[in-house]
Amino acid sequence: MLDTPTATPVTTPAPTPSGDPILERHRHELRRRVLTVSAVERLTPNMLRLTLSGPDMADFVSLSPGDHVKIFVPDGTGGEAMRDYTPRRYDTARQELVLDFALHEAGPATAWALSVKVGDEAKIGGPRGSLVISGPIRHWLLIGDETALPSIGRRIEEMAAGVTVTSLVAVPSAADEQPLETAADHTALWLHRGDPTDPAPFLERLKAMHLPEATFVWIAAEAGVARAVRDHFLISRSHPTAWLRAAGYWVAGEPDGQAKDL
């Protein structure tokens with residue numbers, strides 16, 4: 001774990017008089033898109049980026065960094081498997097979609113991503129919908145492991161000037177840290193973790209972290225880790241439930257396990 005500055009622990013402030021954050025759900029037309037792999041890039045030792053292109057991207061919609069598309073890949077037995085991935089970046093004018101693959105397990109999606117070449121076909125579906133978070137948020141705290149890094153990175157890069165945001169991301173090593181360009185006031189904190197199912201590195205770092213007034217906490221990691229971090233805020237620090245959202249992006253021991261809306 002990196003050595004980072006510490007601060008005196010404080011209790012979380014109550015919600016501001018201006019009200020709670022606003023969570024708006026938007027539904028999108030659900031359809032499959034057939035695209036072509038137009039670029040393959042190894043961002044870090046454990047993160048692979050694919051750019052997918054094609055006319056089917058002309059009407060693609062993703063309103064939130066928390067969105068997911070389904071990618072359809074061979075399951076290794078002659079069938080088809082589906083896995084969720086965050087639209088890391090997209091451009092309807094250029095008809096491009098960028099997906100980042102965390103290479104932390106040897107499932108069918110990882111195997112497919114490691115094997116594809118420029119010119120290969122790629123099939124996706126969705127997003128089914130978007131959850132847009134807004135309202136009187138003065139500070140964002142984004143917490144996750146490398147599977148959440150595409151969502152965290154997109155949210156930070158899309159933030160406007162004047163927004164303050166802190167990210168706390170656990171990755172296997174310093175070589176897996178990613179630079180993020182943003183107009184926002186961003187503080188990047190990195191943890192170099194061993195066991196991705198162990199919440200201890202997050203909890204140790206969070207114990208000394210001060211939360212500014214009106215902080216919205218967003219958490220995504222292995223389900224058990226996400227629950228432990230959620231409980232740290234809701235139980236140990238009495239953080240208001242309306243000011244937090246947590247999800248298990250994966251579940252240890254379950255190939256396609258997820259735990260949304262913890």
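What to note about this one:
- Taking every lysine pair in the chain that is 8 or more places apart or spans two chains, those with Cα atoms closer than 28 Å amount to 5.
- Other residues whose C-beta falls under 13 angstrom from the C-beta of Leu30 contribute a net charge of +3, scoring Lys and Arg +1 and Asp and Glu -1.
- Pair-distance distribution of the chain: all C-alpha pairs, bin width 5 Å, starting at 0; shares per bin in whole percent are 1, 6, 12, 17, 19, 17, 13, 8, 4, 2, 0, 0.
- Cα-Cα separations in the stretch 187-262 greater than 15 Å, expressed as whole percent: 56
- Between the stretch 231-246 and the stretch 74-135, the alpha-carbon center distance in angstrom: 31
- Note on the stretch 127-262: Cα-Cα pairs beyond 17 Å make up 58% of the total pair count.
- Local net charge near Ser173, Cβ-Cβ under 12 Å (Lys/Arg +1, Asp/Glu -1): -2
- Sequence-separation-based contact order of the stretch 164-262, relative, with Cα cut under 8 Å and 6+ spacing, percent: 21
- Taking 1.306 mPa s as the viscosity and 10 °C as the temperature, the Stokes-Einstein diffusion coefficient of the stretch 37-140 based on its alpha-carbon Kirkwood radius rounds to 108 µm²/s.
- Environment charge of Thr241, counting only residues whose C-beta is closer than 13 Å and scoring Lys/Arg +1, Asp/Glu -1: 0
- Here the label points at Lys117 and Leu43, each 7 Å from Cα along the C-beta direction, are separated by 2.5 nm in the simple model.
- Residue separation of Asp198 and Thr36 scaled by 0.36 nm, minus their Cα-Cα distance, works out to 54.6 nm of gained length.
Coordinate-derived values only; no laboratory data. Note that the coordinates shown come from a computational prediction; the quantities given were computed from them, not determined experimentally. Methodologically, a virtual Cβ is constructed for each residue, glycine included, from the backbone with ideal geometry; neighbour enumeration extends over all protein chains shown.
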